[in-house]
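The values are calculated or read from the model by the stated rules, or taken from the named source; none is laboratory data. Since the structure is predicted, the reported quantities are computational estimates derived from the model, not experimental observations. Cβ placement follows ideal geometry from the backbone for every residue including glycine, while neighbour counts extend to all protein chains displayed. For the accessible areas, the whole protein counts, side chains as well, though only heavy atoms, and no ligand, DNA or RNA atoms are used. Shrake-Rupley method; radii C 1.70, N 1.55, O 1.52, S 1.80 Å.
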Amino acid sequence: QVQLVESGGGLVQPGGSLRLSCAASGFAFSVYTMYWYRQTPGKERELVASISRLGGTTNYADSVKGRFTISRDNTKNMVNLQMNSLKPEDTAVYYCNVQTSVYRGYWGQGTQVTVSS
């Protein structure tokens, strides 16, 4: 079955960096675009970044452009999110996502990122 397992979250001071990772299994990883989303209490889940199946195309939310970098390793079935210059408003639970069809999407359990002094 499809599994997405996020890791790398934690507490960091403003201006700091974190690297999130998502280990994927149970599907043909290199075939699909991969996504990172985030969610804070009381708000809808927000798309943060996406990366095409071979990594040639990436897209970012305006709020993270220039600070976050998404990457993938198709040999290890991993997708990463390097987050630099973190701000308190980046505090959220971060989720890895894949859409294997128009009607079927999968989520990991999420990893908490807290940016606070």
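Select from the stretch 61-77 the residues that are closer than 17 Å to V115 by Cβ and either buried (at least 17 other Cβ atoms within 10 Å of the Cβ) or of a type in the set (F, W, Y) (or both) and list them in ascending order.
Passing the criteria: V64, F68.
Could you tell me whether any residue of the stretch 101-110 is outside any strand (DSSP E or B), at pLDDT 95 or above and over 15 Å from the mean Cα position of the chain (by Cα)?
No - not one qualifying residue is present in the stretch 101-110.
Select from the stretch 1-60 the residues that are acidic (D, E) and open to solvent by 60 Å² or more (accessible area, probe 1.4 Å) and write down the one among them that is nearest to M83 (Cα to Cα).
Among them, the one singled out is E46.
Consider the stretch 28-55. How many of its residues are part of a loop (DSSP other than H, G, I, E, B), hydrophobic (A, V, I, L, M, F, W, C) and within 13 Å of W107 (Cβ to Cβ)?
Adding up the residues that qualify gives 0.
Looking only at the stretch 78-92, how many residues end up being basic (K, R) and open to solvent by less than 50 Å² (accessible area, probe 1.4 Å)? Break it down into steps so the answer makes sense when it comes.
Pass one, the stretch 78-92, residues basic (K, R): 87.
Cutting the leftovers down to open to solvent by less than 50 Å² (accessible area, probe 1.4 Å) gives us none.
Number satisfying all stated conditions: 0.
Do we have Q99 as touching a residue at least 60 places away in the same chain (Cβ under 8 Å) and touching a strand residue (DSSP E or B) at 6+ places or on another chain (Cβ under 9 Å) here?
yes
Can you name the condition, by its number, that Q109 falls short on among (1) open to solvent by less than 20 Å² (accessible area, probe 1.4 Å); (2) polar (S, T, N, Q); (3) under 12 Å from L4 (Cα atoms)?
Only one criterion in (1) open to solvent by less than 20 Å² (accessible area, probe 1.4 Å); (2) polar (S, T, N, Q); (3) under 12 Å from L4 (Cα atoms) is unmet by Q109, namely (1).
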